[in-house]
1. Tell me which residues, restricted to the stretch 10-36, are in contact (Cβ under 8 Å) with a residue 40 or more places away in the chain and either of a type in the set (A, V, I, L, M) or not assigned by TED's automatic domain parsing to the domain that holds Ser63 (or both).
2. Restrict the check to the stretch 308-329 and report whether at least one residue is under 21 Å from the mean Cα position of the chain (by Cα), surrounded by 18 or more Cβ atoms within 10 Å (Cβ to Cβ) and assigned to a loop (DSSP other than H, G, I, E, B).
3. Could you tell me how many of the residues in the stretch 33-42 are out of contact with any helix residue (DSSP H, G or I) (no Cβ under 9 Å at 6 or more places or on another chain) and either of a type in the set (A, V, I, L, M, F, W, C) or surrounded by fewer than 17 Cβ atoms within 10 Å (Cβ to Cβ) (or both)?
4. Just to check your reading of the model, which residue among Ala47, Ala9, Ala30 is touching a helix residue (DSSP H, G or I) at 6+ places or on another chain (Cβ under 6 Å) and away from ligand 1 (no atom under 16 Å from the Cβ)?
5. Is it the case, given these coordinates, that Pro135 is away from ligand 1 (no atom under 15 Å from the Cβ), surrounded by 15 or more Cβ atoms within 10 Å (Cβ to Cβ) and more than 30 Å from Arg236 (Cβ to Cβ)?
6. Identify, please: which residue in the stretch 156-176 is within 10 Å of ligand 2 (Cβ to nearest atom) and not in a helix (DSSP H, G or I) and is, among those, surrounded by the fewest Cβ atoms within 10 Å (Cβ to Cβ)?
7. Which of the residues spanning the stretch 271-285 are farther than 14 Å from Tyr173 by Cα and either among the hydrophobic types (A, V, I, L, M, F, W, C) or in contact with a helix residue (DSSP H, G or I) (Cβ under 8 Å, 6 or more places away or on another chain) (or both)?
8. Taking the residues in the stretch 81-104 that are more than 14 Å from Val39 (Cα to Cα) and assigned to a strand (DSSP E or B) as candidates, determine which candidate is farthest from ligand 1 (Cβ to nearest atom).
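The values are calculated or read from the model by the stated rules, or taken from the named source; none is laboratory data. Since the model is a prediction, treat every value here as computed from it, not as a measurement. Backbone-built Cβ (ideal geometry, glycine too); neighbour counts: all protein chains shown.
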Amino acid sequence: MTGDPIRRALDDVWYCVGESRSVRPGGMRAVSLGEEAIVVGREESGALFALRDRCPHRGMALSAGRLVDGNLVCPFHGWQFRPDGACAAIPALARRDDANFASVRLARFAVAERSGLIWVHAAANPNAPAPEAAPPIPEVDFAYCGQLVEILEVEASFDLVALSFVDPAHVAYVHDSWWWRPSKTMKEKVKHFAPSPFGFTMTSHTAKTASLAYRLLGSIPEVEIEFRLPGVRLERITAGEKRLANYTFASPLANGRTALINAMYWNISGLNLLKPVARPLMRQFLGQDRDVLQIAQRGLDRKPAMVLMGESDVQSQWYFSLKREFLRAREAGATFVNPLEPRELRWRS
Ligand code: FES
Ligand SMILES: [Fe+2]
């Protein structure tokens, strides 16, 4: 990729590329991750693999082919590849042809599955092992009985989408649906923040706003919101034994587009009945973000500068500080050290 590295989505981190159920055993799917085209497949054993989606012969997308006896078969001339990327057969070779295909190999990406989602490691150097010090893949830390996932494509940069996860000032203007924000008055908020691995956490507090979504939990919940690189927002809501996790991720797609992924998990069986109602609300909420982000992106395309002002934009400043430090550490071959300090922030929303 070209351009100023601070403006690009980070390499050497994990990105969510979809739901586990989107790749069945014996199936595969094309995934775009930044400028990389990847085929994610699942062996009959259930194991996932992720390979560069480009046949070395004539550049064909292998995701358009099939998995036969555990090998990926290119639909153009039938070259076969094992899930580890090694070329296993070239059917057109005659017996006396001494072409040596032992060195033909597809780049392989680390792939993992957590809490019903698939994650691919966007390595600057595929085939190399994933660095130990990458931000961890988000997981749900309770036994959930229900899950709801929505994925939207946004025509906006990775940064602009990630910034919307740590932007308290947009909520009153963009997400003013009656069911999320019944009160139209702006109140001053005081929140406490502490650094956490590869990010920062708004420490647990009692939600005073009686949003309908929260009231469904029955009692006043504790809410903790963690942000971490590359673009991960983890909202954890606890009301006694009841748990609700609302996770939001950004993943870079080709041509400056970004996937906006929302995964919600709960351990409250009654909420399963609400799924048909909750899904359109989740879609509406994400659509509100997508619509403003796409329009704002056009303004940033004309002039790619932002003016970050006041305490409601401090988290946005932190996002860039974390990213800059991550890039600096990688460049220097050093361990990432979180540059943030604990802090109280006040804003009106
Ligand atoms: S392009 Fe894949 S086998 Fe020829
Ligand atoms: Fe938003």
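1. If we filter the stretch 10-36 for residues that are in contact (Cβ under 8 Å) with a residue 40 or more places away in the chain, which is where we start, we get 10-23, 26-28, 31-36.
Within the stretch 10-36, Leu10, Val13, Val17, Val23, Met28, Val31, Leu33 qualify.
2. No, the stretch 308-329 has no match at all.
3. Total satisfying the criteria: 2.
4. Working: Ala47 fails: touching a helix residue (DSSP H, G or I) at 6+ places or on another chain (Cβ under 6 Å); Ala30 fails: away from ligand 1 (no atom under 16 Å from the Cβ).
Answer to the check: Ala9.
5. Values: away from ligand 1 (no atom under 15 Å from the Cβ): yes; surrounded by 15 or more Cβ atoms within 10 Å (Cβ to Cβ): yes; more than 30 Å from Arg236 (Cβ to Cβ): no.
Answer is no for this residue.
6. Filtering first and then ranking leaves His175.
7. Listed by number, the residues that qualify are Leu271, Leu273, Leu274, Val277, Ala278, Leu281, Met282.
8. To start, the set of residues in the stretch 81-104 that are more than 14 Å from Val39 (Cα to Cα) comprises 86-104.
Add one more test, that the residue is assigned to a strand (DSSP E or B), and what stays is 86-89.
Numbers: Ala86: 15, Cys87: 10, Ala88: 12, Ala89: 10 Å.
That would be Ala86.
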